[in-house]
1. Over the Cα atoms of the stretch 1-138, Rg to Rh with Kirkwood Rh, two decimal places?
2. If neighbour count is taken as other Cβ atoms inside 10 Å, put D177, D368, D373, D286 in order from fewest to most.
3. What aspartates and glutamates sit close enough to K581 to cross-link, taking a C-alpha to C-alpha distance under 19 Å and skipping anything fewer than 8 places away on the same chain?
4. Any of K281/K638; K224/K611; K595/K666 with alpha carbons more than 30 Å apart? Name them for me.
5. So if I average 1/r over every pair of distinct C-alpha atoms in the stretch 5-262 and take the inverse, what Kirkwood radius in Å does that give?
6. Specify which residue in the list V23, G640, G564 is farthest towards the positive end of the charge dipole of the chain, using unit charges on the beta carbon of Lys, Arg (+1) and Asp, Glu (-1), about the Cα centre.
7. T302 label point, 7 Å along Cα→Cβ, cut-off 19 Å on backbone N: hits in the stretch 545-574?
8. May I ask for the net charge around T157, where only other residues with Cβ less than 10 Å from the Cβ of T157 are counted and Lys, Arg are +1 while Asp, Glu are -1?
Amino acid sequence: MSNFVSVTRDGGVAVVIIDNPPVNALSFHVREPLMQALVSLRDEPDVAAIVIACAGRTFVAGADITEFGKPVQQPDLRAIIAVLETIAKPTVAAIHGTALGGGLELALGCHFRVADAGARLGLPEVKLGLLPGGGGTVRLPRLVGPLKALRMIVSGTPIDAAEALAAGLVDAVFDGDLAARAVRFASKMAGQDGPLAPVRDRNSRLDPADLPDFDRQAAELAKKARGLEAPIACAQSVRNAITLPFEAALAAERELFVKLVEGDQSRAQRHLFFAEREAAKVGAKDIVRRKIARVGVVGAGTMGGGIAMAFANGGFPVTVMETSREALERGLTTIDKNYAVSVSRGSLSEDAKQQRVGLFKGSTNYADLADCDLIVEAVFEEMAVKKEVFSRLDAVARPGAILATNTSYLDVNEIAASTSRPQDVVGMHFFSPANVMKLLEIVRAEKTAPDALATIAELARRIGKVPVVVGVCHGFVGNRMLSARGAESETLLLESATPQQIDRVFTDFGWPMGPFQMGDLAGLDIGWRNRKARGQTAVIADALCEQGHFGQKTGRGFYLYENGSRSPAPNPEVEALIRDKAADQGIAPRAIGAKEIIERTLYPMINEGAKILEEGIAARASDIDVVWVNGYGFPVGKGGPMFWAGLEGLDKIIGRLGHWHQRTGKDIFRVAPLLRQAAETGSWEGKSMA
């Protein structure tokens, strides 16, 4: 019928095949011929049953996201599903790969669903700030029950074929030859007597008596939403499936969908979706990536162990090297304990744990890294130490091996210069805990070879990381902007804002925690060492560190953590310290509001981001957003700092920066030229901020 939809016949079964690579998205050029095929087959007397299948590596993996927010070209997905539900003969969705979003909603329009054993099914629209807009919130509860539907839709996490079968989402799971077995299944269904009930008419699992339990679970999920609108709307829409007639619930779902898709939060989340994919495109497609079969990690401490786990989780054998047998055993024991915790939580099987632990090889000899294709240094954050390590790696690493430093701040060019192979040296800035956090800042040094850079970017995706390439400067993108964000934090304290007040402003904004709680969690001594190395001071934080109060690990920091608690409690000693230091400097206390806290912390961060773009440290403003959302907890619903700046208003930010620069004379408030340019053009480096 078209290049994207074709129909074949197998006896009395018509097989409709969608072929829209790479993921068979339901673009208009697919929907139009698909609708024509279904209408035609509905009325053909020689057709006893219809199978909907897909060519390529997957079933329909979703709608065409590029069409969101634009006028809808008919037929839309809802119209296609409505036609499916008028077909009196059996309709079967044959699912392989993934059936996600609109793909699963299309399958829900069929009478039956069969799946390959390796298939995964889900409705992940919440991750784009949306809810399923093709009836998913109304039909899915009719198959799996409202509580299961609630968890699937609000989390957006797909389930595997076995779980889908147990839940009632699919009717059969086949191991191999899906197309032929789907046809046989359809033929069998066609031979059965009695009318076929579409999913919309199956109400047996919708029991109003379940509402109290549903509402309790929905309320728990709402608490975790942290200001995001889509999870709340998803829960409401699933609830409507219980309390409203089908058509009314369907209309309410559409109303909620339209509201979300036009809102700032969904725009922000869709921006991040495309930004992550753009950031991951490193190097030309024809660049031959280097082969990475074994990874070495120098250092078995917190970072080194986490990095090693990240590679093992991705299936790579890892050689972990330490300077002493004691340090090595301590590190490997910690890795084993971390995996054991995952087993106890049910997120990892014992067999999987043993497989991953079996990928580790410990050593105290640099020579044992000679067979590694990538060696990641994760030692103490001091230039002399790192240069010594790289000098020794240079002597043992095989030709072509990539040597990476896990530095947070230091000059990767200087580190590379300590080797005879600077073209093979790259920065890999993991975030702690490295086996959990998604972001990987890939630092491009002056002489880093293009194929080395492209290899690391591809490798990052293979181990589940979000890669962003950045240039060399102190702190790169993330920590450089973090310094700008925190530059006024102590001044705000001295002017009488409390740590808990500032942290509350941040959490109200949508951050998972405020800067002082984050500092206590990471360890105040880390920043203290960095400040001392650069000849800088922070009156309050330095005083705490001089007393040995480093945060959670010592039970005291900006907050108290009594009896091993991880929950912060106000620290009266800090409040007294702040008053004393303010008095020493002659700073009079005054009332400070949330608006001022935002202006003096987040606006300089935006300004620093503009400077980073000016200098070419980041290639795109969207790369900065990816760094901050995935590495530092910037609220997803605000799209990252540079996207949020557009929502906030660049003219407003410039005006307030000018106000604070005039009032304080501090350079962090001096407006960057690119910020002014972006305000005039409405874009960063010629690309739309929205």
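All of the numbers you see were taken from the coordinates with simple rules; none came from a lab. On a predicted model such as this, the values are computed, not experimentally measured, just so you know. Positions of Cβ are backbone-derived with ideal geometry, glycine not excepted, and every protein chain shown enters the neighbour counts.
1. Values: Rg = 13.9 Å, Rh = 14.8 Å.
Across the stretch 1-138, the Cα-based Rg/Rh ratio is 0.94.
2. Values: D177 11, D368 16, D373 19, D286 5.
By the 10 Å Cβ count, ascending: D286, D177, D368, D373.
3. Candidates past the 8-residue exclusion: E488, E490, E495, D542, E546, E573.
4. Values: K281/K638 23 Å; K224/K611 35 Å; K595/K666 19 Å.
Beyond 30 Å: K224/K611.
5. Working: mean 1/r = 0.0549 Å⁻¹.
Radius from the Kirkwood sum: 18.2 Å.
6. Ranked along the dipole, the leading option is V23.
7. 545-569
8. Values: positive: R120, K127, R151; negative: none.
Spelling it out: positives minus negatives among the neighbours equals +3.
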